[in-house]
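*Asks:* Below you will find the structure I want to go over with you.
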Amino acid sequence: MGWIRLDKLLAQSGERSRTEAARLVRAGCVTVDGQPARDPARKLDADTAAVLLNGQPVLDEPYRYLMFHKPAGVLTAARDRKAKTVMDLLPEALRRRDVLPVGRLDKDTTGLLLLTNDGELAHRLLAPQRHVWKEYRVVADGPLGREDVEAFETGLELSDFTAKPAKLTVLESTEDRSVSVVCLSEGKFHQVKRMFAARGREVLTLHRQAFGSLVLDVEEGAYRPLTLQEIAALRAAAQG
Ligand code: URA
């Protein structure tokens, strides 16, 4: 919207004429950036100014996009009557803006969780046909080898569906433990754990280190807003 007269902005953003908007300003019903505004002709930057009419925002709040590092032991849910959820770890101001997790990580899984109040983008990113890649670091209870890599690449048969091809990279493998990185484009319930179980392995720890083009770079329990470039890359992924 850019720079605009206050009365024009009020008229454009609500069902009222310029005259009515000017009257509301003169009557002291409007604040700009926390200060009373009495001049209808005043110009302001609609992209940054906080304009309230009778205490209510006149302009749409911009969407929020956050990278959050989920710790183990918290649920990926908006709220829960007993257990702590990821939302309990965010400040009240963000919770009030209806920011929600995009997809789920199990209670014992750690790592990158995207949170946003842009419901349409969230919906698109989760749509099965979008193929947003997710990357997990997996510690499992036994060795992994070339056959496992090939099985992941071919598409593992699970009890109710065949997993899409996934890339398994084995970093360490001994008789009683392996460390690997798995990249997959699906996100079905317990999918990584089920894929490992299909190869006779139990997942001991699971950590998501990337979601699409986002790479986790905040400490456990911390969050940061995404940059404009990161948001643009997610939007591009959601179109694909
Ligand atoms: N796959 C799982 O099994 N669990 C998660 O939390 C994420 C992917």
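The values are calculated or read from the model by the stated rules, or taken from the named source; none is laboratory data. Being a predicted model, the structure only gives us computed values, none of them experimental. Cβ atoms come from the backbone with ideal geometry, glycine included; neighbour counts cover every protein chain shown. Accessible surface is based on the protein model in full, side chains and every heavy atom, while ligands, DNA and RNA are left aside. Shrake-Rupley method; radii C 1.70, N 1.55, O 1.52, S 1.80 Å.
*Asks:* Percentage of Cα-Cα pair distances in the range 133-206 greater than 21 Å, rounded to whole percent? Please list the in-between numbers first.
*Replies:* Working: 347 of 2701 pairs.
Tail of the P(r) past 21 Å holds 13 percent of the pairs.
*Asks:* To two decimal places, what compactness ratio does the range 21-115 give when its Cα radius of gyration is scaled by 2.2 N^0.38 Å?
*Replies:* Working it through for the range 21-115, the quotient is 1.55.
*Asks:* Heavy-atom accessible area per residue, the chain, 1.4 Å probe: how many Å²?
*Replies:* 56 Å²
*Asks:* D for the chain, whole µm²/s, Stokes-Einstein with Kirkwood Rh over alpha-carbon pairs at 20 °C and 1.002 mPa s: what number?
*Replies:* 103 µm²/s
*Asks:* Please state the shape class of the range 71-213: rounded when a/c is under 1.5, otherwise prolate if a/b exceeds b/c and oblate if not, all from the C-alpha gyration tensor.
*Replies:* prolate
*Asks:* Quick query: amide H of residue 111 versus all other amide H atoms, modeled in the peptide plane; which residues come in under 5 Å with a sequence gap of 5 or more or a different chain?
*Replies:* Those qualifying (amide H under 5 Å, at least 5 residues apart or on another chain) are 70, 208.
*Asks:* Below 15 angstrom from the Cβ of residue 198, what's the summed charge of the other residues (Lys, Arg +1; Asp, Glu -1)?
*Replies:* So the surrounding residues net to -3.
*Asks:* Leaving out ligands, DNA and RNA, and with a 1.4 Å probe, what % of the accessible surface on the chain is carbon or sulfur?
*Replies:* The nonpolar share, carbon plus sulfur, comes to 50 percent.
*Asks:* Counting Lys and Arg as +1 and Asp and Glu as -1, each charge on the Cβ, what is the dipole of the range 27-116 about the Cα centre in debye, to the nearest 20?
*Replies:* 360 debye
*Asks:* I need the shape label for the range 1-50. Rule: rounded when a/c is under 1.5, else prolate if a/b > b/c, else oblate, with a, b, c from the alpha carbon gyration tensor.
*Replies:* oblate
*Asks:* Using DSSP to define loop residues, name the chymotrypsin sites (Phe, Trp or Tyr not before Pro) in the range 163-216 whose beta-carbon has at most 15 other beta-carbon atoms within 10 Å.
*Replies:* Working: sites: 189, 196, 211; in loops: 189.
Here the chymotrypsin sites (Phe, Trp or Tyr not before Pro) that fit, given the DSSP loop and packing criteria, are 189.
*Asks:* Moving on. Among the aspartates and glutamates, select those whose C-alpha is under 15 Å from the C-alpha of residue 8, and discard any that sit fewer than 8 residues away in the same chain.
*Replies:* Partners within reach: 20, 39, 45, 47.
*Asks:* Cβ neighbours within 10 Å, averaged per peptide: list 120-133, 216-229 in order, most packed at the top.
*Replies:* On the way: 120-133: 14.7, 216-229: 13.1.
For the peptides 120-133, 216-229, the packing ranking is 120-133, 216-229.
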